[in-house]
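Step one of this worksheet: look at the structure below.
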Amino acid sequence: MISVTVIAVGRIKEKFFSAAVEEYRKRLGRYCDFKIVEVKDEPTPENPSEREKELVLMKEGKRIEEKIPKGAYVVSLCVEGGQESSEELAGLLTDAANEGWSRIVFIIGGSFGLSAEIKNLSKKRLSFSKMTFPHQLMRVILSEQIYRAFTIIEGKTYHK
């Protein structure tokens with residue numbers, strides 16, 4: 001069974017987001033080993049300088065890198081990534097599995113995004129929109145899209 005992990009900076013504070021992610025985690029259990037790994041977000045001063053932002057990205061990046069399983073197909077969620085349809089995401093999962101990748105990791109950064117080092121580790125950079133979403137909501141959206149991708153792969157009626 002393929003393993004799909006979401007590595008995300010910070011914790012979900014709102015119960016409704018946690019409940020939604022948990023629902024998709026349960027649904028995904030029939031298709032993959034799905035888990036979310038949280039890494040601590042770096043405290044940031046009010047009105048940080050560019051250098052302070054770089055330090056935050058570097059520290060969060062190191063925490064993320066420590067959690068990436070060896071030999072994983074890494075997908076970074078970032079604004080400069082390409083946008084794909086749900087069917088194309090299903091194709092990405094299928095292609096990765098067919099190429100022998102048994103571990104797929106999606107990475108959601110913190111409030112400043114992801115460090116260049118993490119982006120450079122990635123096989124794929126993905127953007128869900130030009131809009132900005134709260135990181136907690138992005139976990140829900142990503143979990144739902146991963147679930148939708150597996151239902152597309154399996155030919156289920158969930159996706160319309």
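The values are calculated or read from the model by the stated rules, or taken from the named source; none is laboratory data. Computed from a predicted model, the values in this text were never measured in an experiment. Don't worry about glycine lacking a Cβ; one is built from the backbone with ideal geometry, like all the others, and counts go over all protein chains shown. Remember, those area values only see protein heavy atoms, side chains included, never the ligands or the DNA or RNA. Shrake-Rupley method; radii C 1.70, N 1.55, O 1.52, S 1.80 Å.
For the chain, the solvent-accessible area works out to 57 Å² per residue, with a probe of 1.4 Å and every protein chain left in place. Between Val56, Phe106, Cys78, the Cα set farthest toward the positive side of the dipole of the chain (charges on each charged residue's Cβ, about the Cα centre) is that of Phe106. Built from the Cα atoms of the chain, the convex hull projects on average onto 9.5 nm², one quarter of its surface area.
Here is how the number arises for the chain: DSSP H runs of 4 or more residues each give -39500 (n - 2.57), the sum is divided by the residue count, and the result at 222 nm is -14500 deg cm²/dmol. May I ask which of Lys15/Lys123; Lys62/Lys156; Lys13/Lys156; Lys40/Lys123 have a Cα-Cα span longer than 30 Å here? Pairs exceeding the cut-off: Lys15/Lys123; Lys62/Lys156; Lys13/Lys156.
Show Glu22, Glu154, Glu144 ordered by accessible area, largest first, where the area counts protein heavy atoms only and the probe is 1.4 Å. Don't skip to the answer; put the middle values down first.
Values: Glu22 70, Glu154 105, Glu144 25 Å².
The ranking, largest first, comes out as Glu154, Glu22, Glu144.
Please determine, in degrees from 0 to 90 and to the nearest 10, the orientation of helix 86-98 with respect to the longest principal axis defined by the Cα atoms of the chain, where the helix direction is its Cα long axis. Approximately 80 degrees, to the nearest ten.
When you filter the GluC sites (Glu not before Pro) in the stretch 32-108 for DSSP loop state and at most 13 other Cβ atoms inside 10 Å of their Cβ, you are left with Glu46, Glu99.
Heavy-atom accessible surface of Ser3, to the nearest 10 Å², is about 20 Å², with a 1.4 Å probe and all protein chains retained. Contact order for the chain, expressed relative to its length and based on alpha carbon pairs under 8 Å spaced 6+ residues apart, stands at 32 percent. Here Lys124 is the anchor, and the aspartates and glutamates within straight C-alpha reach of less than 18 Å, apart from those fewer than 8 places off in the same chain, are Glu65, Glu80, Glu84, Glu87, Glu88, Asp95, Glu99.
Once neighbouring chains are kept in place and the probe is 1.4 Å, which whole percent of the accessible area of the stretch 1-134 is contributed by carbon and sulfur? Heavy-atom surface of the stretch 1-134 belonging to carbon and sulfur, 1.4 Å probe: 49 percent.
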